[in-house]
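The values are calculated or read from the model by the stated rules, or taken from the named source; none is laboratory data. Please read all numbers here as calculations on a predicted model, not as lab measurements. Positions of Cβ are backbone-derived with ideal geometry, glycine not excepted, and every protein chain shown enters the neighbour counts. Heavy atoms of the whole protein, side chains included, go into the accessibility calculation; ligands, DNA and RNA do not. Shrake-Rupley method; radii C 1.70, N 1.55, O 1.52, S 1.80 Å.
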Amino acid sequence: MKTAQDIILRPVITEASMAGLQMRKYTFKVAKDANKIEIAKAVETLFGVKVAKVNTMNVRGRFKRMGLHAGYKANWKKAIVTLTEDSKGIEFFESMM
């Protein structure tokens, strides 16, 4: 059994993810083998909120080059978590606005 800290790896801070905060959508980088149910339970335990919906997507690693050496960054999984209307917001994201 994985802990909530093993499932939710870090928040994703981009312009697009910050635009989703008004619609109560929060974006996280999650473990590649985590499913939507595990992600919802992990967010509820870590932040004390109620999750309405979880959308996930696999993100392909970008091509990077440094001089003669070239390669790809690692693939990762992104989760967009939508909270219920009666739930409080996640304090970490609210402090960034």
Inset, instruction - Under 8 Å between Cβ atoms, at least 6 apart or on separate chains: pull out the pairs that start in region 45-57 with a residue that is on the phi > 0 side of the Ramachandran plot and end on any residue that is open to solvent by 50 Å² or more (accessible area, probe 1.4 Å). - result: Gly48/Lys88
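Do the conditions hold for Gly61, that is, is it of a type in the set (Gly, Ala, Ser), in contact with a Lys or Arg (Cβ under 6 Å, 6 or more places away or on another chain) and open to solvent by less than 60 Å² (accessible area, probe 1.4 Å)? Lay out the reasoning, then the answer.
Values: of a type in the set (Gly, Ala, Ser): yes; in contact with a Lys or Arg (Cβ under 6 Å, 6 or more places away or on another chain): yes; open to solvent by less than 60 Å² (accessible area, probe 1.4 Å): yes.
Considered against the rule, which asks whether it is of a type in the set (Gly, Ala, Ser), in contact with a Lys or Arg (Cβ under 6 Å, 6 or more places away or on another chain) and open to solvent by less than 60 Å² (accessible area, probe 1.4 Å), Gly61 comes out as yes.
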Legend entry - Cβ-Cβ under 9 Å pairs, at least 6 apart or on other chains, region 68-89 side in contact (Cβ under 8 Å) with a residue 24 or more places away in the chain, far side in a strand (DSSP E or B) and exposed (fewer than 11 other Cβ atoms within 10 Å of the Cβ): Asn75/Asn58; Trp76/Asn58; Lys77/Met57; Lys77/Asn58; Lys78/Met57; Lys78/Asn58; Ala79/Met57; Ile80/Met57
Inset, instruction - Find the residue count for region 69-97, including only residues that are at pLDDT 95 or above and among the aliphatic types (A, V, I, L, M). - result: 6
